[in-house]
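Every number here is computed from the coordinates shown, using simple stated rules; none is lab data. Owing to the predicted nature of the structure, the values given are computational and were not obtained by experimental measurement. As a convention, Cβ positions derive from the backbone with ideal geometry for all residues, glycine included, and neighbour counts pool all protein chains shown.
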Amino acid sequence: MAREPIAVTPETIEARRSSARTAIIEAGLPDRTRTAAPGTYGITRTALDLLECLEAGLAAGLATREALLGRIARDRAVGFAAGEPTASERRFASAFGMLVACEELLGATDGLSDAVLPDRAFPPDEVLPVLSDEALGQALCRDLDGYLQHYHGHADPARRLGDEARLAACVRSHVKRTALSARAACSASEHQTLLDALAATTLRLPSVTYAGLERRAASDDEEPDLLDVAPEDIVGNAEVLAAGLKLARTVAAFDLAAGKNPRILDNPVLFVLGSPGCGKTVTAHAIGRAFLGLCRETGLPARFRVIRRTDWASHYQNKSASDLLRIFREEVFGFHGVCGCYWPDIDTAFAARSDPDIRSEEKSNLATLFGILDGTVGPRNGKWFLLCDANTTQMDDAMVSRLTQDPKIAKGPETAADYVRLLRDLKLRAFRPLLPPDPEWERIGETLADAALSGRAVAAIAGRIAAELQDVEEPPGFFAMSYEEKLEALRESAKPVDAGRVLEHVDHYVRFERDAADRAHSERFERRVEEIKRELSAQAAVIAQARSGQ
């Protein structure tokens, strides 16, 4: 199971910029770049860009090292006992911070040079002191200055510095080799346990994510939990879909340069109530996909965060409040772009507040979380929105009052046409030629509507029909075919199903669901009877004891 991510916020990185700037100046890099590639009026634009990118990369590396050491200390903490990170852990944190600093610099300067980057690291004995230095900013800057000095006076004129192109190529070459060395240091056998722990989580910077030692753009990892569904795939729930898309479009209008949203967003929370299987989740995922797609078209950095029970629930009930607050502060409010969030079954998270064993400080934390919903915690800046849903409103009054300002009801498919579209046009669209002709679907749709089946039930019926269609003998050479060839071969071998067979599947599910409901009702009734018997027996025992004492 993946662990909670290590979040490095924009504010944390910004706070390290002054240290990075000091390291650059003390190493003499501004003078070195000026002399290595002199411009008409002194330092060139390329040299300034390199130094600015170096500052940003160092700040990210310093913040990463601090965040990693903080996580190590936090994971080790038990009660009031929190041991300091060991020397080996500090070396790993420094090497990883150096890797992040170098990777961020390379990413930021990708357009400054098209020279091929080296694929070999520095010799370990030369670079180890640099990687293990806790003052990684000063260490990297000093080493880079020495590298530039060497090539500035190189004996070979072809390799000697003298213009902006060679300066950029030289800086990127040094940083690339340092990154390779840092990667190798992090992968050393002494750090295997730490490397495994890092691989089990992710490091989230404002615009990128590190999965273990691998860097990837944040946009590549912002929708791993979303279903592959679009708004046009949603059947029913029109009111919920319209309200969610309106909210997403409002947030997508945010202007990063101006730092504000031209559209007014009074309430960034949309609460949806609906029975199990009515399509609440798929509708929210479709809104999330649409939101990310709209932001991607305009180049606006965006994230859509799904709050899962594993994000906050544990064997220790009181873990929930602090983790939820951290997620919102660091991953939603602290994201450098715009953010959408989906919190399914929100009633389960707040039901714990009524537990008589919950501690008073946890009630305070949950009260703080209520502030997320009513605007006292978290910025009302038009940069984020929250979709949340519940099956019932079995929550305390404080929670309900904050969620139901403008609630929407999700009903799922309702009409015969809805059911036909869901079953035939969406769930079984790959098998359309093998399905009953269009005139016969009116009867099928009416049967489904009369049974008032949920969208989840229709999906289960579609799965049974698809399995039957594909229950055929494989043709010769089937297992050597490509995916597309296998798919076509299965379609050609499949036998069509008629309306009667589709209705048999529907009837089978309806009878199964009814039997299951009857059994559940019977079990609840029997449990209640037993409870009443125990209560009466206890009352009889108390009365008998009272009489015997008289």
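When TRP384, TRP441 are arranged by Cβ crowding within 10 Å, least crowded first, meaning fewest neighbours, the order is TRP441, TRP384. Annotation: the residues ARG65, ARG501, sorted from fewest to most other C-beta atoms within 10 Å of their own C-beta, follow the order ARG501, ARG65. Set the Cα radius of gyration of region 191-278 against 2.2 N^0.38 Å, with N its number of residues, and you get 1.53. Here the mean projected area of the convex hull built on the C-alpha positions of region 126-211 is 7.4 nm².
Sorted from greatest to least, the principal axis extents spanned by the alpha carbons of region 141-180 come out as 27, 18, 14 Å. Cβ crowding within 10 Å, taken as a proxy for footprinting-reagent exposure, orders VAL497, VAL8 from fewest neighbours to most as VAL497, VAL8.
What is the Cα centroid distance between region 179-193 and region 530-550, reported in whole angstrom? Result: 70 Å between the Cα centres.
Annotation for region 72-149: GluC sites (Glu not before Pro) lying in DSSP loop with at most 15 further Cβ atoms inside 10 Å of their Cβ are GLU134. Dividing the convex hull volume of the alpha-carbon atoms in region 31-109 by its residue count gives 100 Å³ per residue.
Ellipsoid fit via the Cα gyration tensor, region 92-134: semi-axes of 22, 14, 6 Å, each the root of five times an eigenvalue, largest first. Taking amide H as placed 1.01 Å from N in the peptide plane, ALA7 has its amide H under 5 Å from the amide H of ARG204, each at least 5 places away in sequence or on another chain. Equivalent-ellipsoid semi-axes for region 436-550 (Cα gyration tensor, √(5λ), whole Å, largest first): 56, 20, 9.
For TRP384, the amide hydrogen comes within under 5 Å of the amide hydrogens of CYS339, counting only partners 5 or more places away or on other chains and with H modelled in the peptide plane. Can you flag which of LYS427/LYS486; LYS411/LYS533; LYS280/LYS533; LYS260/LYS427; LYS280/LYS486 are past 30 Å Cα-Cα? Flagged as over cut-off: LYS411/LYS533; LYS280/LYS533; LYS260/LYS427; LYS280/LYS486.
Volume of the convex hull of region 6-221 (Cα atoms only), normalised per residue: 129 Å³.
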